[in-house]
1. Among the residues of the stretch 22-45, is any closer than 23 Å to I365 by Cβ, without any contact (Cβ under 8 Å) to a residue 40 or more places away in the chain and of a type outside the set (S, T, Y)?
2. State which residue is farthest from the ligand (Cβ to nearest atom) when the search covers only the stretch 91-136 and only residues that are under 21 Å from the mean Cα position of the chain (by Cα) and among the aromatic types (F, W, Y).
3. I need the full set of residues from the stretch 66-82 which are touching a strand residue (DSSP E or B) at 6+ places or on another chain (Cβ under 7 Å) and either within 16 Å of the ligand (Cβ to nearest atom) or among the hydrophobic types (A, V, I, L, M, F, W, C) (or both), in order please.
4. Does L432 satisfy the condition of being at pLDDT 95 or above and under 16 Å from E79 (Cα atoms)?
5. Please give the number of the condition V231 fails out of (1) within 16 Å of the ligand (Cβ to nearest atom); (2) surrounded by fewer than 24 Cβ atoms within 10 Å (Cβ to Cβ).
6. Find all pairs meeting these conditions: Cβ atoms under 7 angstrom apart; at least six residues apart or on different chains; first residue within the stretch 214-225 and assigned by TED's automatic domain parsing to the domain that holds V197; second residue part of a helix (DSSP H, G or I) and among the β-branched types (V, I, T).
7. Determine which member of the set A153, A172 is in contact (Cβ under 8 Å) with a residue 24 or more places away in the chain, touching a Ser or Thr at 6+ places or on another chain (Cβ under 6 Å) and more than 16 Å from the ligand (Cβ to nearest atom).
8. Name the residues in the stretch 283-294 that are buried (at least 22 other Cβ atoms within 10 Å of the Cβ) and farther than 16 Å from V144 by Cβ, would you?
Amino acid sequence: MVPPFAAEDRNAYLERVGVALDDFLRGEHADPMTRRDQWTGALERPLPDEGIGGKGVIDELVRDVVPNGGRFNEPGFWEWITTAPTAVAVAASLAATVASPQRYTLTAFNYLEELSLEWLAQLCGLGSSMKGVYSSGGSVANLVALGAARQWALEQRGIDSAAEGLGATRAAIYASAESHHTIMRSAGVLGLGRRSVRLIPSDEQQRLNPVALARALEVDKGQGVVPLAVVATAGTTNTGAIDPLRECGEVARRYGAWFHVDGAYGLLGILDDRVRPLYDGLELADSVIVDPHKWLGAPTGIAATFVRDRSILHRAFTQEPADYLEGSFSDPANARSSLESMGIPYADFGVELSSPARGVIVWSILRELGRSGVTRRIQRDNDFARQLAEAVRSNDRLELLSEPVLSICCFRYRRDGIVDLDSLNKQVHRRLLRETPYLPSTTVVNGSFGLRPCFINPRTSSEHVDGLADAVVRLGDELTSS
Ligand SMILES: Cc1ncc(COP(=O)(O)O)c(C=O)c1O
């Protein structure tokens, strides 16, 4: 019998999957929904009593699964804030899966976890004073940051909230109406309740209004509500707006609240000189998040939370000591075996114990591109949004809904005499997805429904951007003249 991990099997498996992925990336297959019956028919089976063996699985993987994957790799894919990973990042991810399936113990992977966090902090203008921890995405990264805020705010009042809960304390989080919904979910998970998030109105450019923010804090102060955190977004999901960080941070300070900046998408925008001034005040942040799986093109599953002092994370998230984990660890400096220490105890800085090594992936991207390569990519994507805005402005069948700040451009089809532009643009969007290679998502800006391409896809070129504008005009014309 062939041993399950024979090198010849392993290499043959990787080679076959690699060939199938190359085919897939050529993008010559139609959308998987056009042959749904075929692949659901092939995959629909009861739990097998007997396995089919590795080769059988690889056969099914390359035949029935890979060719029916998602469209995230296509150059015209601009939905939400997600893209397919780049080649080096995929290779690094595979290497980590095999060579370090956990981020702990004293290995090169544990080392790169920290080094890459330091690089990321420097790249994003956080300097060297902030320390980080990786987690699975912006949702968890926000949760970790707000967990630190909860710990800090209640410690000031003599309560260890991680150990004792909130007791009778009433607390609130302040974020703009345009902030990501994970802020509310975090408040729910942290025992504050979703309704403890005060959604502060934003201005007509979708930025948090600091006057309204101060007013909400003042009202709560009068009612004995603890101001837990002010959340500003550096790059909102809907339009890419950047909240006025300095003013928000100063209001947070004045009321004794933690200041959190959600830069899941937009923090890297600081690399573009044209928008860098909008990040003024970032240094006031007590916590900041950024998602390498967004604009850096890392595989899905990587976000980073940064705080000034990780001991607050330790107090907020440490597990109680566990016999099976304490072992006979020694000081990492004196260790002679990689298993004598967990290395930096990331598991105590967040909510995950088992976790993949993610740092090697971020390291691989930053080594591949360097600061200048990442900067060029960010500027190019911001250029795409501006190019599209220009095309929209120069065509009277198109209407700009938000002036691009980063790499999102919201716009829609319009035509004199058509009243229900929302429905019309929903139809245009449906037809884009079904009939064209241009795949934006949609949103509502100041009450108007529109198309919302977010350019973070490294495969996009300027022709694709023009192609989108042309396709929207063509489809809108067809729909309105039929
Ligand atoms: C500003 C912002 N924060 C948080 C998130 C949540 O990130 P994730 O989807 O990685 O959990 C997103 C997602 O798009 C986002 O845009």
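1. yes
2. By that ranking, first place goes to W119.
3. F77, W78, E79, W80, I81
4. Taking the combined requirement at face value, the residue satisfies it.
5. (2) is the only condition that V231 fails.
6. Pairs that qualify, where the first residue is assigned by TED's automatic domain parsing to the domain that holds V197 and the partner is part of a helix (DSSP H, G or I) and among the β-branched types (V, I, T), are A214/V251; L217/V251.
7. A172
8. Residue satisfying the conditions is K294 alone.
The values are calculated or read from the model by the stated rules, or taken from the named source; none is laboratory data. These numbers were taken from a predicted model, which means no experiment stands behind them. Neighbour counts are summed over all protein chains in view; Cβ atoms, including those assigned to glycine, are modelled from backbone coordinates with ideal geometry.
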